[in-house]
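Written below as structure tokens is the structure these notes are about.
The values are calculated or read from the model by the stated rules, or taken from the named source; none is laboratory data. Model, not experiment: these values are computed from the prediction. Here Cβ is always computed from backbone atoms with ideal geometry, including for glycine, and neighbour counts include all displayed protein chains.
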Amino acid sequence: MSRLSALAALLTLGVPVPALAQAAQHTPSIDELISLKRVTGSEISPDGKLVAYTVRETNWDQNAYETSIWLADAKSGKSWRLTGGRKSSTGPAWSPDGTRIAFASDRSDKRQLYLIRPSGGEAEQLTTLEESPGGFAWSPDGQSIAFTATDPRSDAAKEREKAYGEFDVIESDYRMSHLYILDLATKKIRRLTSGPFTVGRFSWSPDGKQIAFDHRINGANANGGSAR
């Protein structure tokens with residue numbers, strides 16, 4: 001990271017101007033650069049009053065990065081931490097009415113979807129999937145969340161892994177990712193797509209009756225996406 005990038009990161013985190021002037025005369029060490037907090041993933045609430053974003057910090061004791069969700073008041077600039085602990089929380093997404101925030105977290109050792117109110121409190125776990133969900137998005141009416149998830153490993157693959165350890169066979173062992181819908185009232189999950197293709201990006205129609213998505217025919221990165 002260049003000195004200019006380091007100063008930009010400090011500015012993003014609201015470091016006072018005198019501190020910036022001092023930083024301009026200091027060449028940061030590798031440890032200092034690694035310790036810089038990184039702000040990403042800002043999402044404005046539907047009423048425009050709050051901004052949800054993530055802050056990545058370095059946990060030197062655990063030799064890992066940890067990401068938490070923060071909120072900032074758009075008018076006053078005041079910010080506060082919404083999620084904490086030693087597990088990461090990412091991808092904050094406001095519900096259409098702005099009363100809840102969906103996010104992904106590995107607090108249960110495997111990445112799952114959670115729900116929390118901007119006022120704080122204990123987060124509600126929404127999924128307990130064998131494979132961690134990928135991208136997710138609220139329905140326009142706020143009653144459900146669509147997400148992608150990779151197909152679970154087959155029983156044969158699990159037995160092979162027990163016997164020989166984990167490995168993949170080139171040009172084989174493709175596990176597809178497909179679309180699902182989670183009903184928030186019942187917590188029931190319904191699968192929307194199936195077949196020999198992997199779902200990539202997707203988007204709800206304004207009326208919530210359809211979802212457009214792109215896909216590729218197998219899991220190889222060399223295969224580009226196509227519209228669906």
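Report, ordered by the first and then the second residue, all pairs with beta carbons closer than 7 Å, sequence separation of six or more or different chains, a first member in segment 39-59 that is without any contact (Cβ under 8 Å) to a residue 12 or more places away in the chain, and a second member that is aromatic (F, W, Y) and outside any loop (DSSP other than H, G, I, E, B).
Correct list of pairs: S42/Y53.
Quick one: which residue in G142, G85, G48 is assigned to a loop (DSSP other than H, G, I, E, B) and under 30 Å from I34 (Cβ atoms)?
Just one listed residue meets the conditions, G85.
Given (1) modelled with pLDDT under 90; (2) assigned to a loop (DSSP other than H, G, I, E, B); (3) of a type in the set (D, E, K, R); (4) surrounded by 11 or more Cβ atoms within 10 Å (Cβ to Cβ), where does K187 come up short, assuming only one miss?
(1)
Among D151, D73, which is in contact with a Ser or Thr (Cβ under 8 Å, 6 or more places away or on another chain), surrounded by 14 or more Cβ atoms within 10 Å (Cβ to Cβ) and either farther than 16 Å from D183 by Cα or without any contact (Cβ under 8 Å) to a residue 40 or more places away in the chain (or both)?
The match here is D151.
Just to be sure, is V39 in a strand (DSSP E or B), touching a helix residue (DSSP H, G or I) at 6+ places or on another chain (Cβ under 8 Å), surrounded by 12 or more Cβ atoms within 10 Å (Cβ to Cβ) and at pLDDT 85 or above?
When the stated conditions are applied, V39 passes them.
Hey, among G224, G208, which residue is at pLDDT below 90, closer than 30 Å to P140 by Cβ, in contact with a strand residue (DSSP E or B) (Cβ under 9 Å, 6 or more places away or on another chain) and not in a strand (DSSP E or B)?
G224
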